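No lab work stands behind these numbers, since they all come straight from the coordinates. Just so we're clear, the structure is a prediction, and the values are computed from it rather than from any experiment. Because the Cβ atoms are built from the backbone with ideal geometry, glycine has one as well, and the counts that use them run over all protein chains shown.
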Amino acid sequence: MDKTNRLMRAAMDSDDAFRVALGEVLDVLGMTVQDLAKKASVSPSTLYKMANEDRSPSLQVLRKIVRAVREAEGLKAGNFIALIVTRQVLDEVVERSVKIGDEIVRVREYPAATVEDAIVAAIRAERDGAVAVVCAPIVSPTIEKILNIPIATIVPKDSVTEAIKLAARKSKA
């Protein structure tokens, strides 16, 4: 289990589990409390209390710590959304970025021909730093169980209707 997942799970278990996990992560990364505090933009005293006493991290502080640990591991978030679909669908996608508020989020393509390909691509996308995944409904329930980032499912209303009409036309020919 990677260090960030270990920290998040420990934070959900108990303050004691988080304290132990934080100490182990610091040891493995060769960092001090002060190093992590600086990298996470958290006060050293706050981090020290979490590492040595029974102080719970707030959600905001936990996010900062996880982000800093990911960066220390070389897994800096890539500010992109992973699109996991077949090559045929990728050929039809025009947008390669999405504007959300003032921020532009890139779309990175991960072609998949099978369900197994899609699952492997999803894991790879999360490791690459994807902030979210867009995928087909056949794989989204499985991917949601294994990733720690948001999943959006493609709901092809118009294309399904067109495919049904095409099938009906072909069946009459």
Original post:
When the C-alpha atoms of segment 1-46 are aligned to their principal axes, what extent does each axis show, in angstrom, from largest down?
Top reply: 25, 20, 14
**OP:** For segment 1-101, take the alpha-carbon Rg, divide it by the Kirkwood Rh, and send me Rg/Rh.
**Re:** 1.14
Original post:
Counting DSSP beta bridges with both partners in the chain, what percentage is antiparallel, nearest 5?
Top reply: 25 percent
Original post:
Toward the positive end of the charge dipole of the chain, about the Cα centre and with charges on Cβ (Lys, Arg +1; Asp, Glu -1), which of Val133, Leu29, Ser41 goes farthest?
Top reply: Val133
Original post:
Cα-Cα over 26 Å: which of Lys99/Lys165; Lys3/Lys145; Lys99/Lys145; Lys64/Lys99; Lys3/Lys99; Lys3/Lys49?
Top reply: Lys99/Lys165; Lys99/Lys145; Lys3/Lys99
Original post:
Any idea which of Ala118, Ile146, Thr86 is furthest toward the positive side of the dipole for the chain, if Lys and Arg beta-carbons carry +1 and Asp and Glu beta-carbons -1?
Top reply: Thr86
Original post:
For the chain, what is the charge dipole size about the Cα centre, in debye to the nearest 20, if Lys and Arg each add +1 at the Cβ and Asp and Glu each add -1 at the Cβ?
Top reply: 460 debye
Subject >> Kyte-Doolittle mean at least -0.5, axial Cα span of 18 Å or more - DSSP H helices of the chain >> reply: 15-29, 59-72, 115-128
Subject >> Calculated SAXS-style log₁₀ I(q)/I(0) at q = 0.12, 0.20 Å⁻¹ - the chain, Debye, Cα scatterers >> reply: -0.67, -1.23
Subject >> Cα-centred dipole magnitude for segment 72-173, charges only on beta-carbon of K, R (+1) and D, E (-1), debye, nearest 20 >> reply: 420 debye
Subject >> Overall dimensions of segment 80-172 as given by Cα atoms, namely Rg and Dmax in Å >> reply: 14.7, 51
